[in-house]
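Asks: My structure is below; once you've seen it, I'll send some questions.
The values are calculated or read from the model by the stated rules, or taken from the named source; none is laboratory data. Fair warning: this is a prediction, and the values are worked out from it, not measured in the lab. All Cβ positions, glycine included, derive from the backbone under ideal geometry; neighbour counts span all protein chains shown. Quick note on the areas: whole protein, heavy atoms, side chains included, nothing else; ligands and nucleic acids left out. Shrake-Rupley method; radii C 1.70, N 1.55, O 1.52, S 1.80 Å.
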Amino acid sequence: MKYIHLILSFFLGITLLTGCQEAKEEKSQRPNIIFIMSDDHAYQAISAYDNSLIETPNIDRIADMGILFTNASVTNSICAPSRATILTGKHSHLNGKIDNYYPFDTTNVTFPQLLQDGGYQTAMFGKLHFGNNPKGFDQFKILPGQGSYYNPDFITKNEGNIKVEGYVTDIITDMTLDWLSNERKEEDPFMLMYLHKAPHRAWLMAERHLEEFTNRTFPEPATLFDDYSGRTNAAAEAEMSILKDMGWSGDNKLYPETMDELGIEEIRNDKGRFVNHWKRFTPEQKANFDKAYGKVAEEFKKIYPSMTEEDMMKWKFQRYMQDYLGTIKSVDENVGRLLDYLEENNLLENTIIVYTSDQGFYLGEHGWFDKRFVYDESFKTPLIVAWPGKAKAGTKSDAMVQNLDFAQTFLDAAGVDAPADMQGESMMPLLTGNEDQWTRDEVYYHYYEYPAEHMVNRHYAIVTKDYKLIHYYFVEDEWELIDRNKDPKELKNVYDDPEYAEVRADLHERLEKMRVKYKDSPELSQQYIDRYVEDASEGRIYGTSKEKVEKILERRKD
Ligand code: SGN
Ligand code: CA
């Protein structure tokens with residue numbers, strides 16, 4: 001009897017041990033997730049997509065190891081709403097973060113919370129832009145709001161508010177590498193969000209790139225001098241023109257004194273912005289900036305008296321590209337530092353590495369900077385995913401994936417159930433060579449922040465590989481139909497062209513079905529408008545003048 005007991009315990013012991021080992025193995029097979037996101041990084045400025053503007057050898061390394069998505073898009077092309085969609089896996093109208101102004105509702109369930117509950121170690125470094133702290137993170141160090149390029153402040157989980165001397169892109173990377181080497185637990189999988197502020201406006205590059213980038217010349221896009229004819233009013237009404245809306249000082253870095261000397265009138269409060277950004281510099285940083293931009297000012301003074309409007313547009317475009325791309329140079333270098341670390345520490349195997357942006361950006365297309373529209377440069381976003389050993393290296397996918405899909409993709413990869421009310425689709429079939437299981441061929445878009453800075457009208461749209469059907473609805477009721485194959489530069493509205501009658505009817509039907517599927521409705525849009533109108537009537541106006549808002553609200557009544 002005694003012996004039987006002993007034998008039984010022996011076998012029980014073995015079974016438990018093997019069970020334990022299996023659980024451990026299963027756990028260790030769960031992939032790490034590194035989510036790298038920059039702010040306003042246009043795909044036109046990543047050489048894996050297009051090398052006419054800049055070489056980004058390190059971001060391209062991710063493409064060499066993985067999949068380059070050529071049709072990735074966002075559901076609402078603006079910062080905080082994009083981040084909210086990424087974290088919640090829901091469209092803006094359901095997670096409530098429709099624009100940059102109203103704070104994120106922290107009762108939303110986010111994928112980092114679910115991963116943390118599921119045994120993942122989680123950390124976030126860099127820009128969040130929510131007006132509140134992220135939930136579901138073991139560690140975070142985030143910029144307050146938009147953050148600063150130089151000597152930035154951070155809100156941290158454990159050390160309160162801190163100020164760090166140096167350049168923001170380098171600092172966010174230092175924090176990330178420090179966490180990987182000193183806080184990461186070997187025994188657990190991790191999910192790391194590494195979120196750059198660059199290349200967001202007002203485009204202050206690292207000192208080490210000033211000399212090179214302020215002396216470079218870049219090719220102009222074909223639509224730099226777009227006159228906005230052939231479309232609805234929205235494009236003409238937008239305030240994103242490089243010529244008319246980009247500041248001479250805060251954006252293009254002409255000294256306020258130089259402008260006074262030349263008698264140039266500033267756009268909005270741009271001189272104030274210039275002063276605000278530059279006052280954060282240490283004397284040494286200031287000296288380096290003065291060296292580069294002093295030279296820019298001297299050269300400008302010589303050419304300004306004979307400049308035509310066309311020359312000014314060209315000059316401002318070059319200045320814009322120099323600064324914007326200069327900030328991307330350090331993003332790329334720092335992505336290289338992270339990849340080197342992962343390589344040296346055998347962390348590449350079984351790690352999903354994502355490189356993306358919170359949305360795309362106009363680099364002079366349509367004469368614009370900024371984003372917001374459902375037109376390609378801002379609707380699409382760069383997306384590169386590597387998963388060494390799993391995703392096929394050096395490949396491309398034109399699947400219609402969206403930022404809406406990240407939450408479910410990561411949960412799926414981690415073996416954690418996604419809540420039924422998330423609205424995306426797991427991209428796992430695309431990452432693991434099962435493209436035929438991916439069936440989506442249309443996506444939904446809805447932008448809200450209007451009337452506000454840059455004055456892009458509220459609109460929603462259905463986008464298929466062939467067409468876009470867009471509804472601008474805040475003031476006049478206007479529709480746009482774009483033929484993506486015949487008109488890739490998106491210059492012509494064919495909504496009223498009889499040749500497109502059938503296409504138009506079909507898209508209307510699909511759009512309505514989609515709105516039902518995603519639970520968007522005219523009533524919801526109206527609720528968001530009512531809140532805005534109420535706030536505006538109480539004097540809370542966002543990023544534009546009270547007079548402009550009043551005029552638009554008047555037009556709405558007529
Ligand atoms: C700031 C910028 C805008 C930009 C928004 C939103 N103006 O307000 O140009 O569109 O941020 O950007 S600035 O004069 O302050 O630079 S977002 O990426 O946060 O959505
Ligand atoms: Ca952004």
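Asks: From 170, 226, grab the single residue that is surrounded by fewer than 21 Cβ atoms within 10 Å (Cβ to Cβ), farther than 21 Å from residue 50 by Cα and of a type outside the set (Val, Ile, Thr).
Replies: 170
Asks: Can you tell me which residue among 244, 271, 253, 291 is within 16 Å of ligand 1 (Cβ to nearest atom), part of a helix (DSSP H, G or I) and charged (D, E, K, R)?
Replies: The unique qualifying residue is 271.
Asks: A further question on this structure: Exactly one of these conditions fails for residue 75: (1) assigned to a loop (DSSP other than H, G, I, E, B); (2) more than 15 Å from ligand 2 (Cβ to nearest atom); (3) surrounded by 24 or more Cβ atoms within 10 Å (Cβ to Cβ). Give me its number.
Replies: So residue 75 meets the others, but not (2).
Asks: Residue pairs, Cβ under 7 Å, 6 or more apart or interchain, first in the stretch 30-49 and farther than 21 Å from residue 203 by Cα, second within 16 Å of ligand 1 (Cβ to nearest atom) and in a loop (DSSP other than H, G, I, E, B). List them.
Replies: From residues that are farther than 21 Å from residue 203 by Cα, the pairs are 49/382.
Asks: Checking the conditions here, which among 132, 158 is modelled with pLDDT under 95 and farther than 30 Å from residue 318 by Cβ?
Replies: Within the list 132, 158, the selection yields 132.
Asks: Can you find, within the stretch 345-369, the residue that is farthest from ligand 2 (Cβ to nearest atom) among those that are among the charged types (D, E, K, R) and open to solvent by 10 Å² or more (accessible area, probe 1.4 Å)?
Replies: Result: 349.
Asks: Here's something else I'd like to know. Restricting attention to the stretch 111-129, and to residues there that are assigned to a loop (DSSP other than H, G, I, E, B) and modelled with pLDDT of 95 or more, which single residue is nearest to residue 192 (Cα to Cα)?
Replies: 120
Asks: Scan the stretch 91-109 residue by residue and report those that are touching a residue at least 40 places away in the same chain (Cβ under 8 Å) and more than 16 Å from ligand 1 (Cβ to nearest atom).
Replies: Result: 91, 93, 94, 109.
Asks: Whether any residue in the stretch 334-349 is touching a Pro at 6+ places or on another chain (Cβ under 6 Å) and either among the charged types (D, E, K, R) or more than 23 Å from residue 53 (Cα to Cα) (or both) is what I want to check.
Replies: yes
Asks: A further question follows. Taking the condition of being away from ligand 2 (no atom under 16 Å from the Cβ) and either part of a helix (DSSP H, G or I) or open to solvent by 10 Å² or more (accessible area, probe 1.4 Å) (or both), how many residues in the stretch 425-456 meet it?
Replies: 17
Asks: Consider the stretch 499-558. How many of its residues are part of a helix (DSSP H, G or I) and of a type in the set (Gly, Ala, Ser)?
Replies: Total meeting the criteria: 5.
Asks: If you scan the stretch 256-289, which residues turn out to be open to solvent by less than 60 Å² (accessible area, probe 1.4 Å), free of Cβ contacts under 8 Å to residues at least 60 places away in the same chain and more than 24 Å from residue 305 (Cβ to Cβ)?
Replies: Within the stretch 256-289, 272, 278, 287 meet the criteria.
Asks: Answer yes if at least one residue in the stretch 382-390 is within 15 Å of the chain's Cα centre (by Cα) and either within 16 Å of ligand 2 (Cβ to nearest atom) or of a type in the set (D, E, K, R) (or both), and no otherwise.
Replies: The answer is yes; a qualifying residue exists.
Asks: Next question, about the same structure. Can you run down the residue pairs with Cβ atoms below 7 Å, 6 or more apart or on separate chains, where the first is in the stretch 310-322 and under 18 Å from residue 226 (Cα atoms) and the partner is open to solvent by 30 Å² or more (accessible area, probe 1.4 Å) and among the β-branched types (Val, Ile, Thr)?
Replies: If the second residue must be open to solvent by 30 Å² or more (accessible area, probe 1.4 Å) and among the β-branched types (Val, Ile, Thr), the pairs left are 318/217.
Asks: Also: Being buried (at least 20 other Cβ atoms within 10 Å of the Cβ) and aliphatic (A, V, I, L, M) is the filter here; which residues of the stretch 95-112 pass it?
Replies: Scanning the stretch 95-112 gives a single hit, 98.
Asks: So in the stretch 188-223, with the set limited to residues that are outside any loop (DSSP other than H, G, I, E, B) and open to solvent by 20 Å² or more (accessible area, probe 1.4 Å), which one is nearest to ligand 1 (Cβ to nearest atom)?
Replies: 207
Asks: Sticking with this one: Report yes if residue 476 is at pLDDT below 95, of a type outside the set (Phe, Trp, Tyr), within 23 Å of residue 226 (Cβ to Cβ) and out of contact with any Asp or Glu (no Cβ under 9 Å at 6 or more places or on another chain), otherwise no.
Replies: yes
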